[in-house]
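Contents: one structure, followed by commentary.
The values are calculated or read from the model by the stated rules, or taken from the named source; none is laboratory data. Owing to the predicted nature of the structure, the values given are computational and were not obtained by experimental measurement. Glycine also receives a Cβ, built like all others from the backbone with ideal geometry; neighbour counts cover every protein chain displayed.
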Amino acid sequence: MRAVIKFLLGLILVLAIAWVGLWWYAEGRLQNGFETWADTQAASGWKITYTALNRGTSPMRALITVTDLTLTPPADAAGETGTITLPGMAFRIEALNPLVFHIDLPNKISVAVGQNIGLAINTSSIAITEALDPNALLNKAAYPFRGGDFSATNMDILASEGSLLVLHIDSISGHEDLNLGAGSADTALSSTASFTGIALSPLFTKVAQIPFNGQVSSLSFGVILSGPVPDNLRALAAQISAASAGDEAAQQKIIVPVVRKWASQGGSGSMSLGFTIGPSTAKADAAVKFDANLQPSGTADLSADHLDEFTAAITSAYPQVQDTISQAEAQLTPYLTTTSAGGQTLGMNATYGPPGVTINGTKVADMPPVNWDALENPPAAAPAAQQ
């Protein structure tokens, strides 16, 4: 019996030592990951500063905290930049849920834009979680995440150093799934985001006579991409970032070959958008795939209801846009109907591809072929004229 107890005590001691070692390793990975990220951003022209980076002391969680973190992006062509200031944030992994990585953000974030604009972002709650890929836990070179979630409630964006409300959002939520090993028929990325209760400041709404009380009841969008993921996404992002600011041709030369390769390997995608403003709810979605000649084809749908009430409110607030709205309605007449439930309703169902573009079954245009070689080699931008 004494031997059994001695064995159990020894086993417990070994497990405790292993656990402490694992905890110390996890905190080291967190610290190294943050420092590597900061170095990468600095190499891209960002300035990252903080007053302290500390490890946690509880073996029930791997934790690092960063104090007084400031993020300053590279200056634009006019030499202007800004600063994002967070009084503190934390990165943690709980022992009872070891495959979820938490990013704890402060409830108040300060943003300075240029030299004259100061904003504050206040929330009741804000959090980011990332799902860890167990296959990457012991591989420092592997991308560690396979998706995540973002949520925030009762968000206020304020100007004048936090004294003037600019925008309020009741809630924000987002979800993402990432499969870096996706094949041609697999979903590589699925991302959704939704906002509720978006409202401009009552002061701005009144001064600018914005209809619908300056409110957007809901806004949502989503993206799904299928097919193989480009190799080394982080290096690709660094290449794009390193391209001269504002040099679209340089960025296009980097991006288009990646898209072309993705299309040639069975890449496809879809996106969706929906929002409710005043009496109207609108929805849009589109999908794309590529044939053997890498020519795109797909569908696009758009619907909206109560457009008569919506446009009446717009023209009542801004009479100067009456002619523009009338011209748009004239062009959309073939796709407008009126129902007792939906009022004036817009419905457009489009298909596109080498045969052409059709809307609601009627061909409206030819589809010009995509010239990938020309896209990969855009002409250099003309030099700016000297003053």
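Could you tell me whether any residue of the stretch 180-201 is part of a strand (DSSP E or B) and of a type in the set (D, E, K, R)?
The answer is no, given that none of the residues of the stretch 180-201 is part of a strand (DSSP E or B) and of a type in the set (D, E, K, R).
Regarding ALA313, is this residue at pLDDT below 95 and touching a Pro at 6+ places or on another chain (Cβ under 6 Å)?
Considered against the rule, which asks whether it is at pLDDT below 95 and touching a Pro at 6+ places or on another chain (Cβ under 6 Å), ALA313 comes out as yes.
So ILE198 fits all but one of (1) at pLDDT below 95; (2) closer than 19 Å to THR281 by Cα; (3) surrounded by 17 or more Cβ atoms within 10 Å (Cβ to Cβ); what number is the exception?
Unmet for ILE198, out of (1) at pLDDT below 95; (2) closer than 19 Å to THR281 by Cα; (3) surrounded by 17 or more Cβ atoms within 10 Å (Cβ to Cβ): (1).
Using the structure shown, decide if SER173 is crowded, with 16+ Cβ neighbours inside 10 Å, assigned to a strand (DSSP E or B), of a type in the set (S, T, N, Q) and at pLDDT 85 or above.
No: the conditions fail for SER173.
Please give the strands (runs of 3 or more DSSP E) falling wholly within the stretch 233-346 in which 2 or more residues are surrounded by 15 or more Cβ atoms within 10 Å (Cβ to Cβ).
Here the list reads 268-277, 280-290, 296-304.
Name the single residue, out of those in the stretch 315-334 being in contact (Cβ under 8 Å) with a residue 12 or more places away in the chain and under 32 Å from the mean Cα position of the chain (by Cα), that is nearest to SER270 (Cα to Cα).
So the residue we want is LEU332.
Since LEU189 meets every condition but one in (1) under 23 Å from TRP37 (Cβ atoms); (2) surrounded by fewer than 17 Cβ atoms within 10 Å (Cβ to Cβ), which condition does it not meet?
Only one criterion in (1) under 23 Å from TRP37 (Cβ atoms); (2) surrounded by fewer than 17 Cβ atoms within 10 Å (Cβ to Cβ) is unmet by LEU189, namely (2).
Give me the residue from the stretch 245-261 that is within 10 Å of PRO378 (Cβ to Cβ) and of a type in the set (A, V, I, L, M, F, W, C) and, out of that set, modelled with the highest pLDDT.
Top of the filtered list is VAL256.
For the stretch 364-385, does any single residue satisfy the condition of being in contact (Cβ under 8 Å) with a residue 12 or more places away in the chain and small (Gly, Ala, Ser)?
Yes, the stretch 364-385 contains at least one residue that is in contact (Cβ under 8 Å) with a residue 12 or more places away in the chain and small (Gly, Ala, Ser).
Just to be sure before I move on: is ALA152 surrounded by 17 or more Cβ atoms within 10 Å (Cβ to Cβ) and small (Gly, Ala, Ser) in the structure I sent?
Yes.
Of everything in the stretch 308-367, what is within 27 Å of LEU294 (Cβ to Cβ) and touching a helix residue (DSSP H, G or I) at 6+ places or on another chain (Cβ under 6 Å)? Give them in sequence order.
MET348
State whether the residues of the stretch 58-66 include one that is more than 18 Å from ILE128 (Cα to Cα), of a type outside the set (A, V, I, L, M, F, W, C) and more than 20 Å from the chain's Cα centre (by Cα).
Checked the stretch 58-66: at least one residue is more than 18 Å from ILE128 (Cα to Cα), of a type outside the set (A, V, I, L, M, F, W, C) and more than 20 Å from the chain's Cα centre (by Cα).
I need every pair where a residue in the stretch 31-45 that is over 11 Å from PHE91 (Cβ atoms) has its Cβ under 9 Å from the Cβ of a residue that is among the small types (Gly, Ala, Ser) and part of a loop (DSSP other than H, G, I, E, B), sequence separation at least 6 or different chains.
GLY45/ALA75; GLY45/ALA245
List every residue pair whose Cβ atoms lie under 6 Å apart, where the two residues are 6 or more positions apart in sequence or sit on different chains, the first residue falls within the stretch 131-154 and is at pLDDT 75 or above, and the second residue, located anywhere, is among the aliphatic types (A, V, I, L, M) and part of a loop (DSSP other than H, G, I, E, B).
Partner pairs satisfying both residue conditions: LEU132/LEU99.
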